[in-house]
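Everything on this sheet refers to the single structure shown next.
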């Protein structure tokens, strides 16, 4: 299901809003054996920046999928500008990604598993498409404490799907249930205070969004307010998960 939020981000071709930003992406990519020329799938690829980085670093082929048609359109524009030949972007949902069994060496998903309509099914699909011994690289928020129910409902309404806050133990249990073992786990690089992170988030949405006349301003400010309130309860980790 596409949401106004992701379509709004797609309009402005914005990347690295996942936890940890570019620094977390670099951590994930540092866990890839590039000398092996891996075949890579990026799930919830957004505007495609990480997929393009992977292609430049030595991937044999990269497929990026996202359920947002707007995100994929922006990803294809970025691909066209960089003239990279071994990357393909397509509209697909994580929980039904239609990729062949045991076809990929690496799957990447940054800050998106929390938004899967069915987290267990989505992560099980990631296991299905990975070769035995393949790696799933992900960065995800977890909740240090459960937020108020009113905030959970507000986030669900804004994202257009049920928003269930997971603790770190919840995520680790889910990865185990779906057939992964932990290879690496580190606290996500967060070298910026949250106030600075959100200020830059707003600035990166382009200053004119916040002019009084712009029609997207009220909705974006609504997202911003809810996310900032939600951030009080959050921490994040990056994981290297190995398929059994």
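The values are calculated or read from the model by the stated rules, or taken from the named source; none is laboratory data. Values in this document were obtained by computation on a predicted structure and should not be read as measured data. Note: ideal-geometry Cβ built from the backbone for every residue, glycine included; neighbour counts use all protein chains shown.
For segment 70-116, which positions are modelled with pLDDT under 90 and loosely packed, with under 14 Cβ neighbours inside 10 Å?
Result: 83, 96, 98.
Is it the case that segment 133-150 has a residue that's more than 20 Å from residue 20 (Cβ to Cβ), in contact with a strand residue (DSSP E or B) (Cβ under 7 Å, 6 or more places away or on another chain) and surrounded by 15 or more Cβ atoms within 10 Å (Cβ to Cβ)?
So far as segment 133-150 goes, yes, one or more of its residues are more than 20 Å from residue 20 (Cβ to Cβ), in contact with a strand residue (DSSP E or B) (Cβ under 7 Å, 6 or more places away or on another chain) and surrounded by 15 or more Cβ atoms within 10 Å (Cβ to Cβ).
Would you confirm, using the coordinates I've provided, whether residue 102 is on the phi > 0 side of the Ramachandran plot and either without any contact (Cβ under 8 Å) to a residue 60 or more places away in the chain or in a strand (DSSP E or B) (or both)?
yes
Could you list all residues from segment 1-48 that are in a helix (DSSP H, G or I), modelled with pLDDT of 90 or more and surrounded by fewer than 22 Cβ atoms within 10 Å (Cβ to Cβ)?
Correct list: 26, 27, 29, 30, 34, 35, 36.
Tell me which of these residue 62 doesn't satisfy, since it passes every other one: (1) part of a strand (DSSP E or B); (2) buried (at least 24 other Cβ atoms within 10 Å of the Cβ); (3) out of contact with any helix residue (DSSP H, G or I) (no Cβ under 6 Å at 6 or more places or on another chain).
Failed condition: (3).
Within segment 179-189, is even one residue at pLDDT 90 or above, in a loop (DSSP other than H, G, I, E, B) and more than 22 Å from residue 31 (Cβ to Cβ)?
Checked against the condition, which is being at pLDDT 90 or above, in a loop (DSSP other than H, G, I, E, B) and more than 22 Å from residue 31 (Cβ to Cβ), segment 179-189 yields no hits at all.
Would you check if residue 171 is under 18 Å from residue 139 (Cβ atoms), surrounded by 13 or more Cβ atoms within 10 Å (Cβ to Cβ), modelled with pLDDT of 75 or more and under 19 Å from the mean Cα position of the chain (by Cα)?
yes
Does residue 56 qualify as being assigned to a helix (DSSP H, G or I), surrounded by fewer than 16 Cβ atoms within 10 Å (Cβ to Cβ), over 12 Å from the mean Cα position of the chain (by Cα) and at pLDDT 95 or above?
Against the criterion (assigned to a helix (DSSP H, G or I), surrounded by fewer than 16 Cβ atoms within 10 Å (Cβ to Cβ), over 12 Å from the mean Cα position of the chain (by Cα) and at pLDDT 95 or above), residue 56 qualifies.
Filter segment 105-141 down to the residues that are more than 24 Å from residue 32 (Cα to Cα) and in a strand (DSSP E or B) and list them by number.
Listed by number, the list is empty, since nothing qualifies.
Looking only at segment 155-164, decide whether some residue is crowded, with 21+ Cβ neighbours inside 10 Å, under 16 Å from the mean Cα position of the chain (by Cα) and within 24 Å of residue 241 (Cβ to Cβ).
No, segment 155-164 has no match at all.
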